[in-house]
Amino acid sequence: MYRTKTETFVTESKMWRTIGYRRWFSWRTSKLPRLHIMTILFISTVFLEECIPKVIAQNTPASRSRSSRPPQEFAIEPADRTAIVGKPAVLPCRVLNKAGTLQWTRDGFGLGSDRELRGFPRYTMVGSDDEGDFSLQINSVSLEDDAMFQCQVGASDGVAGIRSRNAAFTVYVPPEPPKIVQGDFLRTTAGMTVELTCESHAGKPPAELTWLDGEGNVVTDDIEYTTQLLGDNKRANAALKWTLTPRREHDGKTFTCRSENPALTQPLHARISLEVKYPPEITLKVSSDKIMEGDNVKFTCEAVANPADVNIKWQRNDEVIAGDHSTTYTISRVTREYNKDTISCEVSNAVGTTKSTHTLNVLYGPVFRSTIENVAADIGSEVTLSCDVDGNPKPDTVWTFEGSDAVLSTQSKLVIPQLTLDRAGRYTCRATVVGFPEISTDVLVFIKGPPRVRSDPVQYGMEGEVVKLQCVIASVPPPTRILWSRNSQHVDIDNNDGYEIVEETIAGGVKNILIIHNADEDDFGQYNCSVWNAFGQDSMLILLKKQKSLPMLIILAGVIGGIVFIVSVTIVIILCLRRKSVIKGMSEVRQSLQPFEPTSGLTNNRPHFYFNYQHHNQLETQFPRATSPTQPSSSQTLQSSYILNNKPAVTTQIVDSRGSPSRTPDLTECVWGKPS
């Protein structure tokens, strides 16, 4: 059966009345407290889901409970999405074979079925009925839109109602600009812990905060991030705390707090500048990396501090060096005593004190720390020789024996495991340091035995003078007793007879000297020197002879010879000075001198001579050939050579009648001496 128009009208009137009630409820609920709104929403939902379908079903004839119309279905369902507060947004919903009434719900509360959604002025259903498009457009998204949305189509004429999936609509709210609790400037001291806190309020989601150091690097250590939800249970405050221990490099730096959020197109920033007061930081420099003994060493102390007003002290081995040395300190001609010493620069300001230390490394050559004593040992015993050498760097040491180049050891100690006769003698320790001269010392190794007297058997003295008789003794170990005797009588040094005994230590023994003051005739004669040690005894007869004085003639000859020598030296000096003036004047008289024409004899019994200056400044003294029978033949030449300091000087020549000299003298020497 088909319903009449009246029945259809009544049915539709009831439906629209029900829809009107729902709109009225929406308006009323907007005026109620939130708790009441939630209660009304719950009741409305139950009403819509249970009562309306029953009302419609009750007004539908049973014969038409089943329809042949196709089922309703969604072509496009709303999906989860996000939006920024204040921006528009659209939730899509397109239905195929729509037969029932369509509405949107927010958190389960119906928004209405007309496209204008008059109870919600920011909401509108856009699209066309023909296309089945009922997308929900939200103008100027607000925080209350952060909810679950659903598109619903009611049942109609036996066609079942449908619901879309729940779409989570998330609203992003940009946070307030970040603020640093400590302000934009902080003055602190190095080493003191400070906390820098950056806050950004009312963001959804909470602001993501980051600290950046003075170089723009992200800080990841010693930070703590916290959030606090606001009363709307949607927005939250964010805070990022950075626990920092300031250092010198933080002074004058600017730290940045960066705030980020999905609702922001670009990050927001807050900044804080630091002034860090810090104690001096020192750089101690030395003028040279390689310090040699005798060098001048300059130290420079460079300090950076805040505040910059500093006081500088220099120390050697932690003791203050007196004087105002300012930023430099100089050691003049450094010695090896400074090696391994510490030179410190101590700088202080109002914040604190800092100290920098340099240990000196003075390079110097080898030196023996102590004298090496000779060694006396028994045959077959072990002998150890020590060579204690100081030097920097550490000296290289070698041991040799009796001048041989064979190296016995390179250690500071030389061990002779078993002393024999051929191993006794002189051992040499040589020490070297690169860049310095080598040093060496000898040590004698003796074999213990009875003493031996090595003196000269005959010794001399002068009457009336102090006479010394020497008894040289080789004795290892040293003598236990030495005795002088004469004519089988001990020489008594305690009876004021003018005797005295002096003993000197020598290598491998002693020298015992018997001194006789104001010796007379009776003191000359034979003496006996006897010596004992733990291994035996030895003695020697020493004859003291009177030494004669030199004859007076020899003394006078010596005096005269000395006078002659002095006069000769004086004359040589005078002639040398004259030679210089002669050479200078030769060029002026060279043309004025004429060759000598020899005559047949001597004039006034004296030879004629002339000076012939030839090339190379050579001077000739020529004599004419003598006519006497005793004169040499023409082929002979009489020469007189003069000697000075064992060198040939100018030669005076007698030449033949042809005037050809047999030798050209050299004027570079002075003329003196006796003809040869």
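The values are calculated or read from the model by the stated rules, or taken from the named source; none is laboratory data. Values in this document were obtained by computation on a predicted structure and should not be read as measured data. Ideal geometry is used to build each Cβ from the backbone, glycine not excepted, and the neighbour counts take in all protein chains shown. Please note that ligands, DNA and RNA were not included when accessible areas were found on the heavy atoms of the full protein model with its side chains. Shrake-Rupley method; radii C 1.70, N 1.55, O 1.52, S 1.80 Å.
Of note:
- Probe 1.4 Å, all protein chains present, accessible-area order of PHE169, PHE535, PHE524, largest first: PHE535, PHE524, PHE169
- Mean Cβ neighbour count within 10 Å, used as a protection proxy, ranking 421-427, 148-154 highest first: 148-154, 421-427
- Normalised convex hull volume, the range 296-398, alpha-carbon set, Å³ per residue: 142 Å³
- The GluC sites (Glu not before Pro) of the range 214-290 that meet both conditions, a loop assignment by DSSP and at most 12 other Cβ atoms within 10 Å of the site Cβ, are GLU215.
- For the range 213-254, the equivalent ellipsoid derived from the Cα gyration tensor has semi-axes of 31, 10, 9 Å, listed largest first.
- Separation of the alpha carbons by more than 26 angstrom is noted, of LYS179/LYS204; LYS290/LYS413; LYS448/LYS545; LYS448/LYS468; LYS253/LYS298, for LYS290/LYS413; LYS448/LYS545; LYS448/LYS468; LYS253/LYS298.
- Ordering GLU293, GLU195 by accessible surface, largest first, gives GLU195, GLU293; the 1.4 Å probe counts only protein heavy atoms, with every chain in place.
- Per residue, the accessible area of the range 473-534 comes to 54 Å², computed with a 1.4 Å probe over protein heavy atoms only.
- Principal axis dimensions, the range 109-245 - Cα atoms, whole angstrom, descending: 83, 29, 25
- Accessible area of the range 176-294 belonging to carbon and sulfur atoms, whole % at 1.4 Å probe: 44 percent
- Taking the 1.4 Å solvent-accessible surface of the range 357-411 as the whole, the part contributed by carbon and sulfur is 46%.
- Surface accessible to a 1.4 Å probe, LEU483 within the full protein complex, Å²: 30 Å²
- Amide proton proximity set for LEU363, modelled H, under 5 Å, gap of 5+: ILE291, MET292, GLU293
- Rounded if a/c under 1.5, otherwise prolate or oblate - the range 435-475, Cα gyration tensor axes: oblate
- Nonlocal amide H pairs with ASP80, under 5 Å, H built at 1.01 Å: ALA168
- A quarter of the convex hull surface defined by the alpha-carbon atoms of the range 168-216 gives 5.0 nm² as the mean projection.
- Accessible surface for ARG369 stands near 140 Å², nearest 10, in the context of the full protein assembly shown (1.4 Å probe).
- Estimated inter-spin distance, LEU143 and THR283, nm [label 7 Å along Cα→Cβ]: 5.6 nm
- Environment charge of THR342, counting only residues whose C-beta is closer than 13 Å and scoring Lys/Arg +1, Asp/Glu -1: -1
- Label separation (GLU373 vs ALA160): 12.4 nm, computed from points 7 Å beyond Cα along the C-beta direction.
- Rough spin-label spacing in nm, given labels placed 7 Å along Cα→Cβ, for LYS468 and MET192: 8.4 nm
- Spatial separation of Cα centroids for the range 133-195 and the range 388-417, in angstrom: 91 Å
- Net charge of neighbours whose Cβ lies under 9 Å from the Cβ of ARG94, counting Lys and Arg as +1 and Asp and Glu as -1: -3
- Taking THR193, THR82 and ordering them by how much accessible surface each has at a 1.4 Å probe, largest first, produces THR193, THR82.
- Remark on GLY498: its backbone amide H falls under 5 Å from none of the residues 5 or more positions apart or on other chains, H modelled at 1.01 Å from N.
- One Cα centroid belongs to the range 508-548, the other to the range 296-346; the line between them spans 66 Å.
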